[in-house]
Each structure stands twice: as C-alpha cells, then as structure tokens.
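Have a look at the structure below, then the notes.
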Amino acid sequence: MKLLSLAICAILSSTSLAASYPITGNTVNCRSGPGTSYGVKKSYKKGQKVSISCQTSGTSVNGNSIWDKTSDGCYVADYYVKTGSNGYVTKKCGGGSSKPPSGGKVPGPMKNDYPYSG
C-alpha cells in the first residue's frame, strides 16, 4: 500500500496544472493587460518557458489576437509563444470586474419574504 501511495505522489508531483511553452521571440514583453498599449511588467528571453494560466483576445500581433496570461500574472502575445496551435490551448480568462453591473446596489425594493417567524 505504501508503494502505491508513493507512486501516486510521484505522478501527481510531476504533473503541472499549467503547461509551459517556450518563447520564440528574442525579447518578448509581458504586459499588464492583453494588448500592446498596456505597460510592460517584465520581459522573457528566447527559449525561456512560460506557464499559461488562461488565454484571452487582445491587440492583434501579426494576425494573431490571442494573448496568454502567464503564471507571473502578465500577458504575452501568443504569436511569440510556441504552443503548437494557432488557436486556444487552454481555458479562456474570466473577464469583467468583480462588481455587479448595478454598481453594488440591489435592484428594486427589498422585502422580507421569509415564510417563517420567530
């Protein structure tokens, strides 16, 4: 039983949740958002591997509008990441703000419609 547990632990520790892919450009900027107008947070060198947590659309770079959010929390143009695909290779990034569309206000009047008293 210990051997089986040890084997399972070894398999799980060698499997990462986010796949890593090599950078193909000489120096590739990682930006605060999915587009070339966002500020540069850091840069990656050619051949450096990045883990992609999710993907979203943004500024088109050489005909590719997919941007990869790295495990560092910044965005790299997918054009410069060798994912082996011209499309999405992982989940799309969740968007929008955490605030409700109403700005935090409850729509309409509130009433206590709880059927029990006491």
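Side notes on the structure shown:
- Within the stretch 61-86, being over 12 Å from Ala19 (Cβ atoms), touching a residue at least 24 places away in the same chain (Cβ under 8 Å) and part of a strand (DSSP E or B) holds for Val61, Trp67, Lys69, Tyr75, Val76, Ala77.
- With respect to the conditions (1) modelled with pLDDT of 95 or more; (2) exposed (fewer than 11 other Cβ atoms within 10 Å of the Cβ); (3) not hydrophobic (A, V, I, L, M, F, W, C), Pro101 lacks only one, and its number is (1).
The values are calculated or read from the model by the stated rules, or taken from the named source; none is laboratory data. None of the values given here were measured: they were computed from a predicted structure. Every residue, glycine as well, gets a Cβ built from its backbone with ideal geometry; the counts of neighbours run over all protein chains shown.
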